[in-house]
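Every number in this text was worked out from the coordinates using simple rules, so none of it is lab data. All of these numbers come straight from a predicted model, not from anything done at the bench. Neighbour counts are summed over all protein chains in view; Cβ atoms, including those assigned to glycine, are modelled from backbone coordinates with ideal geometry.
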Amino acid sequence: MRRLLQYLNPMLHLGDRRYPVLFPLVTMLVAVLLVELLVSLILQAPHAVIPYALYPFVTLIIYFAFRAGLRGGFIAAGITILYYFYIIYTRNYAAEQLEDAINTILILACLYLILGGVIGWLKQRIDLLIDLEAGEKRRLQGIIQQLPVGVLVADRSGRIEQRNKHVDELLGHPMRSQFIVGKDTIINGKYKNKTVKPSQWPLARTLATGKAVSGKEFVIEREDGSQVYLEISASPINNREGRMVAAASVLTDITQQKLLEERKDDFINMASHELKTPLTSMKLYLHLLKMSINKRHDGKEQSIVERISDQTERLQKLVNDLLDVSRIQTGKLTFSKEQVRLDLMIEEIVEVLQSTTAKQELKILSKKPVVVFADKFRLYQVLTNLITNAIKYSGDGKEIEIACKKDTTTVLVSVKDFGIGITKEQQKKIFDRLYQAGDDRESTFPGFGMGLFITKEIIDRHKGKIWVESERGKGSTFFFSLPVEKK
Ligand code: ADP
């Protein structure tokens, strides 16, 4: 019965063109037969046929036009009109009755043909649109399948609507068809060494917030034990009113890239370790050389040794930075935290760095005692780096202001210069690894773009924040905040 109702429901046949002639033809003939049987044999009143032949047949014309298009509408209208003629032929109407009946039938015939025609045409237009959409969908499906990345599309409720074969390849097993994004677990995944919950995957987050998530790196563990690095993005698919109707996610396999990066990091780590030992000896010998030259030789030789010593100092800083970057990459940067007098540390660094520049005056704005819980050596590194940068990028700026404020929960440190400044665009990137906001004006400042990357990592690992406010040509202020208490 349910199947019969489904078969008869015209709405379920939008886009469907099966039996457009046979089904209306047979049904209409059966309807005519039933009406004739009803009035002649059961009711035994052949003249009472009109109400039975009028309303049900109009309904049938509409039904077949909607279900089978123009052909269905015209077949139903045609058979109805023929049946009407059959009625007046078999019911022996008197002459004037006959004329009235023929006129009525002709008017009804026009109405029925128009009714069947208009509805049938509309139905055919709907079918055409459905066809176009289906074609578009198939084309899109074809493109999605050919993409060299995994693609997942989920509806608002998180049900997977589409996915390409790469998704299964990347996951290492076919994805369940009843999978619900945000609730079910696809696979064991880790983000920044932490296990990812179902609601934390980019697609689930996009479905929950309506916002795009771009390029997050995950490591997944497949059933066979192999590890795959994935870069996953997700973005909402909105309707014309801007309401999210679905969301799509792209999964890119970056395993090879990661392995290569790991090998490169290993190499840098090894090379910097190898460089560190001879450099330390070189510094020691240079120190001895300096002492003996000071006693015996003139200014020229002293200045040469001084320059070699400066260059060795720079080389050592570079090697140390390389080692730190490599430690960050491999998760080996460790901290030993203690109570540190930040104000004293700032004074000490300012004294040392003031001796390196005659052009800028380093000013400490407040000298109240401030204690933080931090790694002393690393905090020293952060401050040195920020103040050295302020000197390096000061241009004609004559002053550099260092301030340190404390409230109940945090300490806020700022280093302000009046130098070349940083554009808004560059501000977003300066804390990235190896980023240098270089242009012609700055090509004279040597550096590798590692300092701020290391600085940010140190502050992040102290559960603090670091940011910059700057205007091109006017100068920059670098801020960092640290929690006062142990965390
Ligand atoms: P670098 O070794 O190149 O100085 P950093 O990581 O310390 O590397 O800095 C990254 C980039 O940020 C620099 O190349 C520079 O362009 C920009 N920068 C850093 N500090 C300042 C500053 N105080 N004023 C202007 N630009 C700065």
Under Karplus coefficients 6.51, -1.76 and 1.60, residue-wise ³J(HN,Hα) of the range 476-481 in Hz, glycine/proline x: 9, 10, 9, 10, 9, 10
The range 78-152: Rg to Rh, with Rh as the Kirkwood radius over Cα pairs: 1.52
Cα-based Rg and Dmax for the chain, where Dmax is the largest Cα-Cα distance (Å): 41.2, 148
Cα-based equivalent ellipsoid, the range 127-181: semi-axes from gyration tensor eigenvalues, Å: 23, 15, 8
Euclidean distance between Cα centres, the range 247-269 to the range 114-142, Å: 47 Å
Cα centroid separation - the range 342-367 against the range 270-295, whole Å: 27 Å
Loop sites in the range 220-281: trypsin sites (Lys or Arg not before Pro), DSSP, at most 11 other Cβ within 10 Å: 240, 243
Loop-located trypsin sites (Lys or Arg not before Pro) in the range 277-355 whose Cβ has at most 14 other Cβ within 10 Å (DSSP): 332
Counting all C-alpha pairs of the range 296-442, share separated by more than 23 Å (%): 50 percent
Overall Cα dimensions of the range 180-235, principal axis frame, Å, largest first: 34, 22, 16
Surface/4 of the Cα convex hull for the range 278-347, nm²: 7.3 nm²
Translational diffusion coefficient (Stokes-Einstein; Kirkwood radius from C-alpha pairs) of the range 201-276 at 10 °C, 1.306 mPa s, in µm²/s: 107 µm²/s
Whole-Hz couplings from phi, Karplus 6.51/-1.76/1.60, listed for the range 389-396; x for Gly and Pro: 4, 4, 5, 4, 9, 6, x, 8
Restraint check, 376/416; 424/463; 190/317, Cα-Cα greater than 29 Å: 190/317
Per-selection Rg to Rh, the range 22-165 - Cα, Kirkwood hydrodynamic radius: 1.30
For residue 162, distant residues with modelled amide H under 5 Å away: 153
Shape metrics for the range 1-80, restricted to C-alpha atoms - Rg then Dmax, Å: 13.8, 43
Calculated [θ] (222 nm, deg cm²/dmol) that DSSP helices of n ≥ 4 give over the chain, each run adding -39,500 (n - 2.57): -18000 deg cm²/dmol
Mean separation of Cα contacts under 8 Å, 6 or more apart, over the residue count of the range 223-361: relative contact order %: 18 percent
3J(HN,Hα) from dihedral phi, the range 82-93, Karplus parametrisation 6.51/-1.76/1.60, rounded to Hz, x for glycine, proline: 4, 5, 4, 4, 4, 4, 5, 6, 8, 8, 6, 6
Residues with amide H under 5 Å from that of residue 411, placed H, sequence gap 5 or more: 482, 484
